[in-house]
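Have a look at the structure below, then the notes.
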Protein chains: 2
Amino acid sequence: MKSTIQDVAKKAGVSTTTVSRVMNNNYPVKKETRIKVESAIKKLNFRPNILARGLIHKKSNTIGVIVPSITNLFFPTVVKAIEAILREQGYFIYLCNTDNKEDEEIGYINSLQDRQVDGIIVIDPQTKNMKSGLYEKISKEIPLVFINGYNKDVNCNFVINDEESGAIEAMRYLIKSGHKKIAFIRGQKSYSYDLKEIVYKNVLNDSVYKKIINIGEGNKDSTVDHTMEIIQRFLLTENRPSAFFCCNDLMALGVINACKKIGLDVPEDMSIIGFDNIITSRLVEPKLTTVDQNMYDLGVNAAKMLLKNIENENVDIQRKILTPQLIIRQSTKKIS
Amino acid sequence: MKSTIQDVAKKAGVSTTTVSRVMNNNYPVKKETRIKVESAIKKLNFRPNILARGLIHKKSNTIGVIVPSITNLFFPTVVKAIEAILREQGYFIYLCNTDNKEDEEIGYINSLQDRQVDGIIVIDPQTKNMKSGLYEKISKEIPLVFINGYNKDVNCNFVINDEESGAIEAMRYLIKSGHKKIAFIRGQKSYSYDLKEIVYKNVLNDSVYKKIINIGEGNKDSTVDHTMEIIQRFLLTENRPSAFFCCNDLMALGVINACKKIGLDVPEDMSIIGFDNIITSRLVEPKLTTVDQNMYDLGVNAAKMLLKNIENENVDIQRKILTPQLIIRQSTKKIS
């Protein structure tokens, strides 16, 4: 049976008000009384009711974290960082997995408000929800921070990677390495793929060789195999590229596997750059050259921005932009 | 500004008690009154205070989920399953990441109880905490379910994989495929590695060739590279095996990479079996033959077991054992 505040008061020979004063440390209590109360709390293994405290202080010390898919290799690292920073400040996180569904995202936002969370972080919010103006309204009611996702003209708190500058760095590296025939691999509809395609076209500018391959669904386990099949056929055509720039690491792994299948050596015969730096990119052979998405830093910055919003209601809308870093490993090579 | 129950009562022209009765549906209310109240709730976008409800009903509708490391490729799938099942029943989960620290695990258990969670699931609990008898005591206070981990003579609720039968199946498959020289790869101290080593020795029984390689730290990203280095040297010795049975997929990936480095083809020259079926095992080329850990089913079963314990205080201690399945892919081959 759990101990109550009454049990503690009885054991210490004081009133429940005194016990409460000792616990909340909000009113002077004689030292010897304090010791008696603390000893009774310890002996009875008494724990305060955090729910009740939350009601009184209008704080639940809980943050909602909404992710499109916890099994995506990108998100666990972000969530880990958020949890680590918030834990230090006494917050717990509700983990909410939307399975990439727009309705589920809204459902969670509502439920989290019902549960009186002190703030919400949404990783990669659904573009449709973002464009609807809903989030601008909600962020007036509760501290809200977004990580990545559609953010053009959206007046909310964001922590974002400058994917554009990451893509420019990757493309320039290939060109500097002597590659003149670079193919680009993307998936269907996504703000991030569109953005990288623009960079690809701009950097190549008046280059004769341009090849854009859309492999469809771009962010599932099956993307690797699907990319492999498409690229295997493509590599058997005559005008094959010497390098690939891929919108993410899953696509890049598919290209590596396609090369293996038809006997092309990476990087001797083909250079490949991915994007994201997921764990798998450094577990394969050759290790993948890729653009690091700052996964841990995204989480750290979002958690800190949210805490600032919780502590001070009048803080301005913030936008923190991180610069991705090209990680040169073994899947790319200089050619002459 | 958020609406209160008073605002709803005023708008509907009824008492707050009537609003409460409509919302809790615990007392008959005239149909036309109900319609008026529901319409006011909708117009004012009123949301009940779940914290307050939790206090009244002595339920927080929240479950704590403790994991050693959310970035380990094994755990996100388990957490996803737990969240999906509990969500259907109106529960939210607190995600707690211990970073493999025994003290943090205990710290979370205490904090979760302070937060009045309705139950706790611990994935891969720390062996030291398990042996201390602490958990048997706690499971008398609060519904508690463990997934995997040390469980010998521990009187708690468990959902576990029968790793022994999985290891037997893997070893027998190699022998049936004609392999007489099978090497075994394990990491340092872990109940699971010890168990598989016993199977390896028992199945080989009076076989002449036995080779056990301990690669040290067995469950980090760096395990892949570290295994590769050790096995690369080992493969250059004279009495090389024709097959490897590895305690997990990270080690198996290390062996695949070692073979590539020295020009051995997998599976033509070397057969390799892993354990766990992490995502990466099906993203590499050749795809890894491995033993599936039932990650999603572990989560589903644990969530259901916990719900049963929450609904009925007098349910007996339960132990659910799942049988792992050998997944035959492309890293193994019959030899003559």
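Values in this text are rule-based calculations from the coordinates and carry no lab data. Not measured: the values here are computed from a predicted model. When we count neighbours, we look across all protein chains shown, and the Cβ atoms used for this are built from the backbone with ideal geometry, even at glycine.
Points worth noting:
- With Cα atoms defining each centre, the stretch A:65-114 and the stretch B:301-326 are spaced 26 Å apart in the structure.
- Ranked from shortest, the separations from the 7 Å Cα-to-Cβ label point of A:Lys334 to its equivalents in the other copies are 5.1 nm.
- Cα gyration tensor shape of the protein assembly as shown, rounded if a/c is under 1.5, else prolate or oblate by comparing a/b with b/c: oblate
- As a size descriptor, the averaged projected area of the C-alpha convex hull of chain B was calculated at 21.8 nm².
- Computed over chain B, relative contact order equals 17 percent, with contacts defined as Cα pairs under 8 Å that lie 6+ residues apart.
- Counted charge near B:Ile82, where neighbours are those whose Cβ lies closer than 13 Å (Asp, Glu -1; Lys, Arg +1): 0
- Beta bridge orientation in the stretch B:196-336: antiparallel %, DSSP, nearest 5: 40
- Placing a label point 7 Å from Cα along the Cα-to-Cβ axis, A:Ser39 is separated from the same position in the other copies by 6.5 nm, shortest listed first.
- Cβ-based net charge around B:Asn25, under 12 Å, with every Lys or Arg adding one and every Asp or Glu removing one: +1
- Other-copy label distances relative to B:Asn25, 7 angstrom Cα-Cβ extension, nm: 4.5
- Taking all Cα pairs closer than 8 Å and separated by 6 or more residues, the relative contact order of the stretch A:5-48 comes to 44 percent.
- Label-to-label distance, B:Ile335 versus B:Lys152, with points set 7 angstrom from Cα along the beta-carbon direction: 3.4 nm.
- For B:Phe92, distant residues with modelled amide H under 5 Å away: B:Thr62, B:Ile63
- With at most 13 other Cβ atoms within 10 Å, longest stretch of chain A clear of loop GluC sites (Glu not before Pro) (DSSP): A:1-216
- Couplings for the stretch A:269-278, taken from phi via the Karplus curve 6.51 cos²θ - 1.76 cosθ + 1.60 with θ = phi - 60°, read 9, 8, 9, 9, 10, x, 8, 2, 6, 6 Hz in order; Gly and Pro are left as x.
- Cut-off 14 Å between beta-carbons: net charge of the residues surrounding A:Val208, Lys and Arg +1, Asp and Glu -1: +4
- Compactness check for the stretch A:163-293: Cα Rg over 2.2 N^0.38 Å is 0.94.
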